Each structure stands twice: as C-alpha cells, then as structure tokens.
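Read-outs: derived from the displayed coordinates by stated rules, not from any lab. Keep in mind it's a predicted model, so treat the numbers as computed, not measured. Cβ: placed from backbone, ideal geometry, glycine included. Neighbour counts: every protein chain shown.
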Amino acid sequence: MTRQFDVAVIGAGPAGLAAATEAAQSGLSVALLDEQQAPGGQIYRGIETASAARLKLLGADYAEGRPLVEKFRASGAEYMPGSLVWNVTIDKVVEFSRDGASSRIRADAIIVATGALERPCPLPGWTLPGVTTAGALQILLKASGIVQEDAVLTGSGPLLWLLASQMVDAGVPPRAIVETVPNGRLLQALPHLPKALWQRSYLFKGLSMVRKVRRAGVLIYRNATGVAVEGATFATALNFTAGGKPHRIETRTIALHQGVVPNQQVTRLLRCDHVWDSSQHCFRPVIDAYGATSADGVYVAGDGAGIGGAKAAAIQGQIVAIGLALRAGRGNGERLAHLHSALAKEASVRPFLETLYAPAPQILSPADDTLVCRCEEITAGSIREAVRLGAPGPNQVKSFLRAGMGPCQGRVCGLAVSAIIGEERGETPDDVGYYRIRPPLKPLLLSEIANFATSDAQEHATE
C-alpha cells in the first residue's frame with residue numbers, strides 16, 4: 001500500500017528542515033524528500049561534512065546551518081535523500097524517483113520548500129561554455145572547496161559580493177566585478193533605508209564585504225550596460241560599457257547573477273494561485289499568514305513563497321509546521337506571535353535591497369537576437385514575432401515555437417518569456433500569466449517510470 005504521512009515536506013533547505021523538525025517534534029508523522037544526498041539545500045550545502053577551515057571561509061551565516069541539520073536529524077522525521085520529486089497530485093500524492101525506481105507516498109498536508117532559482121540572465125553569449133551563474137561557483141566552493149580562477153562576476157545583488165569576498169578569503173579573488181546597477185538606483189532605494197536599519201547588521205555586513213573586495217585589488221566597474229559575452233565555441237571575453245567607455249576583459253570564466261526568484265514549479269503544477277510581485281520582479285504563490293495556498297492542504301515555506309533569505313525561510317518553516325500541528329490538536333501556538341514578529345523584522349531590509357538590486361533593463365528586455373529559451377534555442381525576437389502573430393501568452397508562444405518545452409520545463413526561460421510578451425502587448429505579467437506546468441517536473445529515465453509501474457502493478461495484485 002502507499003505509505004501515509006501526516007506531512008510531506010519537499011526540499012531540505014532551511015525552510016524544509018525547520019518545518020520537518022517542528023512538525024515531527026509536535027508528534028506528526030513527517031517525510032522529508034530532497035534531491036540531494038545530504039540536507040542543507042543550496043544555502044547550507046555540504047554543511048555536515050564541512051571542515052573547520054571551510055566553515056571559517058564561508059562565514060558564520062553558513063555555519064548556522066549545522067545546528068539546524070542536527071536538530072532535524074534528531075527529530076524523528078523520516079528523511080528520503082536522493083529523491084527526485086517528479087509529480088504531486090491534488091489529492092496530495094507525491095511521486096518521486098530514488099535509486100533508479102519510482103515510488104509514491106500520500107500525506108494529509110504537503111509543505112513545498114523548494115526554495116529559489118537564480119534569475120535567468122539572457123544576454124548575448126550567455127549560453128557559451130565557460131559562462132555560469134554566481135550560484136554555481138558557490139556550489140563548487142561549498143561542496144568541493146574548488147574556487148574558479150580568473151573569474152569575472154557580472155550582474156547585481158548581494159550574492160555577487162558575498163561570493164567575491166569568499167573567493168578573496170580563499171586566496172583566489174575574482175578578476176573583476178562588473179555591476180549592472182544603474183546610476184541613481186541608490187537614490188531610489190533611500191526612502192526604504194529607515195526601515196532597513198531595523199536589520200542594520202545586513203547592511204554593515206554588505207559594506208564590509210565591499211571593502212574587503214576593494215582592498216584585495218579586484219577591479220570594480222559600476223553602471224555597466226551592453227554586457228555581452230564574446231566567443232565562438234567558448235567564452236573568451238566580457239564586453240560592456242561603463243563610465244562612458246567600452247571595456248573588454250579577457251577571461252574564460254564568467255559568472256552571471258541578477259538575484260534569485262521563487263521556484264514555482266510545484267505550486268504551478270498544483271494550480272495554486274500566483275501573483276506578480278512588482279518589488280521582486282517575479283511571480284510568487286499566494287499564501288496566508290500560515291503558508292497555506294489556494295490548494296487545499298498545500299503550504300509553502302521559504303524563498304519559494306517570496307525571497308526573504310535563509311533565516312526568514314527557517315522561521316516560515318516553523319510557522320507552517322506549528323499551524324499544521326495546531327490543526328491536528330497537537331501543537332502549542334504560544335510561539336507564533338514571536339515568530340511572526342521575527343519574520344517581519346527579517347523582511348524589513350527587503351524593500352531597500354529589492355529597489356537597489358532590481359534586475360538590469362537589459363535582462364528584462366533582451367535584444368531580439370538574444371537567446372531566451374536555451375533548450376529550444378528561441379530568441380527574444382522570435383517571441384516578439386509570435387506575439388505579433390497573435391500569441392497572447394506563454395502557453396501559446398510554447399505552441400508556436402516550443403519555448404518552454406525543453407528539459408528545464410520553463411524554469412530558465414519562463415520569467416523572461418512572460419516579460420517579453422507583456423512588454424510587446426503593453427500588459428502586466430499578471431495579465432500575461434505563466435506556463436502551465438505538467439509532470440514530470442524534471443527529466444527522468446523511462447526505466448524509472450517502468451520500475452514504478454511494475455511495483456505498482458505487483459502492489460495491486462497482492463491487495
């Protein structure tokens with residue numbers, strides 16, 4: 001028979017770990033499924049095996065993941081690492097592949113804690129070998145202690161400076177930082193500064209990172225426009241304009257970053273209501289104060305509900321789990337007021353950061369000849385032409401061009417496609433909408449489904 005749990009948590013980052021721990025400690029039966037082989041998610045990747053030297057290199061914020069993982073390990077929640085969730089149904093059945101075969105579990109409630117994705121950065125040459133994301137370079141550092149030499153970091157957002165400072169501490173500073181924040185953006189963000197000062201430690205930490213990178217002699221270019229990667233078969237240089245002058249930096253490693261956005265694949269699959277967040281320039285699922293979505297029994301915690309950072313994600317995970325326990329008559333809600341207050345404090349810095357580091361105009365409105373859908377090699381110009389031919393939204397563009405039909409299921413191109421359509425039609429992203437997501441959520445082998453079908457048939461034969 002299909003195994004039954006009170007709660008199924010998808011994702012073992014800070015939100016998923018905190019939610020699973022809290023729910024299990026409240027007496028609920030909990031299953032936590034995660035694609036990786038060890039808990040921690042992206043932010044705390046490799047935390048259990050990190051040496052003292054690597055903990056020191058990656059900083060105190062990273063080290064906070066270790067007690068979070070230890071509490072989860074001791075909670076009694078069932079942990080299913082290496083589980084690729086490829087379908088979730090409205091009756092709360094989770095289908096996943098593990099060790100080459102598919103299985104299913106059923107739960108009374110599902111907590112989606114799938115976190116964030118780096119925003120796609122469609123610009124000329126971004127698909128060339130040698131071009132990656134800032135997050136990918138950080139994964140190498142966290143998981144293997146590998147630091148890419150001679151890297152040029154380009155884009156905007158706190159992660160650029162965090163990664164650069166970590167590379168400096170590792171003794172392999174980046175070649176340059178090419179920041180795309182336009183002149184005048186800081187002035188626009190200043191009205192949000194008084195509220196941001198509630199979390200002044202974040203601001204001081206950011207200033208400290210910038211000073212460290214400057215002292216290391218890293219070249220820093222501000223207000224860069226016209227960013228393009230040069231190369232035929234692989235990246236050879238980064239071209240851009242800054243300070244009114246053209247620049248060219250020869251390098252074979254270029255890391256792009258324009259912030260992170262919620263991973264909405266599971267909530268889209270379940271047809272949860274979503275709304276366009278004009279501050280974060282992305283879609284997010286509509287949730288209440290306890291993480292409940294419009295789909296019965298489906299909850300979201302962490303950056304998948306809107307970008308807030310690791311500490312906020314863990315707080316949200318606790319709030320969702322306590323709410324579920326209270327509904328089951330097993331929890332204690334005395335901590336909820338404190339948790340909601342802590343969450344509001346964490347969120348106080350977001351308007352300032354989101355205004356300052358809003359994605360560059362070049363990313364939101366790529367040139368016609370820029371590839372947007374990497375899987376199917378569809379350009380921004382082709383998408384605009386499809387709109388002029390009558391395609392009103394992403395799903396119709398998908399029918400016209402196959403954009404979003406590749407292995408990534410629109411994870412990479414989805415926001416860019418919606419933005420281009422909205423710009424061309426003079427509509428808001430809410431009006432334009434997003435791709436319809438269907439299973440499987442991620443590519444998997446036919447043998448994995450076949451093994452699932454065989455085991456399922458045997459199960460029914462013995463019932």
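Please work out how much length the chain gains when fully extended from THR428 to ARG222, using 0.36 nm per residue of separation minus the C-alpha to C-alpha distance, in nm with one decimal.
Between THR428 and ARG222, full extension yields an extra 71.2 nm.
Quick one, can you get me the convex hull of the C-alpha atoms of segment 120-258 expressed as volume per residue in Å³?
Dividing the Cα hull volume of segment 120-258 by its residue count gives 117 Å³.
Considering the chain, which cysteines have no disulfide-compatible partner, defined as another cysteine with its Cβ under 4.7 Å away?
Taking the Cβ cut-off of 4.7 Å, the unpaired cysteines of the chain are CYS121, CYS272, CYS282, CYS375, CYS408.
What list of ³J(HN,Hα) couplings, whole Hz, do you get for segment 406-423 from phi and the Karplus terms 6.51, -1.76, 1.60, once you set θ to phi - 60° and write x for glycine and proline?
3J(HN,Hα) across segment 406-423, in whole Hz: x, x, 7, 6, x, 4, 8, 9, x, 5, 5, 5, 4, 5, 5, 4, x, 4.
Over 10 Å intervals from 0, what percent of Cα-Cα pairs in the chain sits in each interval?
4, 19, 29, 28, 15, 4, 0, 0
For the chain, what is the mean residue ellipticity at 222 nm derived from helices alone (per DSSP H run of n ≥ 4: -39500 (n - 2.57); sum divided by total residues; nearest 500 deg cm²/dmol)?
-11000 deg cm²/dmol
Multiply the residue gap between ALA337 and SER208 by 0.36 nm, knock off their C-alpha separation, and tell me the result in nm, one decimal place.
Working it through step by step, the gained length comes to 43.2 nm.
Arrange the following residues from fewest to most other Cβ atoms within 10 Å of their Cβ: HIS274, HIS257.
Ranked by crowding around the Cβ, least crowded first: HIS274, HIS257.
Under 13 Å from the 7 Å Cα→Cβ point of ARG73, by amide nitrogen: which residues of segment 25-42?
Label zone hits: 38-40.
For segment 68-109, just the Cα set please: Rg and Dmax, both in angstrom.
Cα radius of gyration and Dmax of segment 68-109 are 12.1, 32 Å respectively.
So for each of 107-119, 406-418 I average, over its residues, the number of other beta carbons within 10 Å; can you give me the resulting order with the highest mean first?
107-119, 406-418
Any idea what diffusion coefficient segment 239-396 gets from Stokes-Einstein, in µm²/s, Kirkwood Rh on alpha carbon pairs, 37 °C, 0.692 mPa s?
For the chosen part, D equals 173 µm²/s.
Place a +1 charge on the Cβ of each Lys and Arg in the chain and a -1 charge on the Cβ of each Asp and Glu, then give the dipole magnitude about the Cα centre in debye, rounded to the nearest 20.
Result for the chain is approximately 1320 debye, rounded to the nearest 20.
Find, to one decimal place in angstroms, the Kirkwood hydrodynamic radius of segment 365-432, where the mean of 1/r is taken over every pair of different Cα atoms and then inverted.
So the Kirkwood estimate lands at 11.3 Å.
Would you give the gap between the C-alpha center of segment 45-98 and the C-alpha center of segment 160-223, rounded to a whole Å?
With segment 45-98 and segment 160-223 each reduced to a Cα centre, they are spaced 29 Å.
Find the Rg to Rh ratio for segment 1-134, where Rh is the Kirkwood radius over alpha-carbon pairs and Rg uses the same atoms.
Dividing the radius of gyration by the Kirkwood radius yields 1.04.
What's the exposure ranking of TRP161, TRP198, going from fewest to most Cβ atoms within 10 Å?
Neighbour counts put them in this order, fewest first: TRP198, TRP161.
Need the full-extension length gain, VAL93 to ARG185, defined as separation in residues times 0.36 nm minus the C-alpha distance. One decimal, nm.
28.5 nm
Short version: ³J(HN,Hα) in whole Hz for each residue of segment 140-155, in order, from phi by Karplus 6.51 cos²θ - 1.76 cosθ + 1.60 (θ = phi - 60°), x for Gly and Pro, what are they?
Listing the rounded values in order: 4, 5, 6, 7, 10, x, 8, 10, 6, 7, 6, 7, 10, 9, 9, x Hz.
In angstroms, what radius of gyration and Dmax does segment 198-331 have, counting Cα atoms only?
Spelled out, the Cα radius of gyration and Dmax of segment 198-331 are 21.2, 66 Å.
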